[in-house]
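Chemist: Sharing a structure, written as structure tokens. Questions coming.
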Amino acid sequence: MRLVLLGPPGSGKGTLAKPLAQRLAVPHIATGDLFRAEIEAETELGILANEYISNGNLVPDDVTNEMARHRLSEPDASGFVLDGYPRTVDQAHALHAALVELQRPLDAAILIDVPDDKIVARAVGRLLCPNCGAIYHLVNKPPQVAGICDICRGVLKTRDDDTPSTVRHRLAVYHRITSPVLGFYEGQGILKKVDGVGNPDEVLQKVLAFWFK
Ligand code: AMP
């Protein structure tokens, strides 16, 4: 199964993507995670990406497309849940071309629909385990021990780009630049919409219901 998850920042894409990928037995590929790993390793790509990410802006398409194409051509990516890519119409075209070349066409693009007024509250308060990638929330999904990952005992961090002003900016970027991607997949007849308000497990069940009745 090859899926793209679409939705505004803080819609729960990342939280959904992990169990969904597990259930479908495919890798979870998140461009945000790939960039954060590059930043952590202080690579040239990471230093460049950080200039955009820390301000809530998108990393340029050419760099992002190249990184995504490279990851998607790896042997384990015959199926995948793609999270956070594509975020521009140009990226959607580049992804399409890469998947045609790899003979790995998409099965569906899933929009996790969450209204703007819920977004800022969700993204602010988000906690991330830098060690295993688990996502928590101070209010909605607190860890058992404050500041410590339930799964790997890593020390949780807030994301540098989760401040209220940066989240508002990322949301504006989403509406202006990313939402036209929905039209691209609608045109291909593979867009599916899911109401993203509700607990993460309910949202997962709604997504799985497209394939497993
Ligand atoms: P995310 O973890 O998906 O919220 O991504 C964090 C940040 O990484 C975004 O706000 C962007 O700055 C950058 N980023 C992630 N994916 C992309 C993409 N497909 N295109 C451009 N920038 C991206």
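The values are calculated or read from the model by the stated rules, or taken from the named source; none is laboratory data. As the structure is a prediction and not an experimental result, all values here were calculated from the model. Heads up, the Cβs are rebuilt from the backbone with ideal geometry, glycines too, and the neighbour counts pull from every protein chain shown. Protein only, heavy atoms only, side chains kept; ligands, DNA and RNA dropped before computing areas. Shrake-Rupley method; radii C 1.70, N 1.55, O 1.52, S 1.80 Å.
Chemist: For the subset of region 191-213 comprising residues that are within 18 Å of the chain's Cα centre (by Cα) and aliphatic (A, V, I, L, M), which member is most open to solvent (accessible area, probe 1.4 Å)?
Modeler: In this case the residue turns out to be Val197.
Chemist: While we're on this one: Residues in region 2-22: is at least one among the hydroxyl-bearing types (Ser, Thr, Tyr), at pLDDT 95 or above and within 12 Å of the ligand (Cβ to nearest atom)?
Modeler: no
Chemist: Is it the case that region 122-129 has a residue that's out of contact with any helix residue (DSSP H, G or I) (no Cβ under 9 Å at 6 or more places or on another chain), away from the ligand (no atom under 14 Å from the Cβ) and open to solvent by 60 Å² or more (accessible area, probe 1.4 Å)?
Modeler: No, there is no match, as no residue in region 122-129 is out of contact with any helix residue (DSSP H, G or I) (no Cβ under 9 Å at 6 or more places or on another chain), away from the ligand (no atom under 14 Å from the Cβ) and open to solvent by 60 Å² or more (accessible area, probe 1.4 Å).
Chemist: Another question, if that's okay. Considering Ile119, Ile148, which residue is open to solvent by less than 60 Å² (accessible area, probe 1.4 Å) and within 27 Å of Asp61 (Cβ to Cβ)?
Modeler: On inspection, the qualifying residue turns out to be Ile119.
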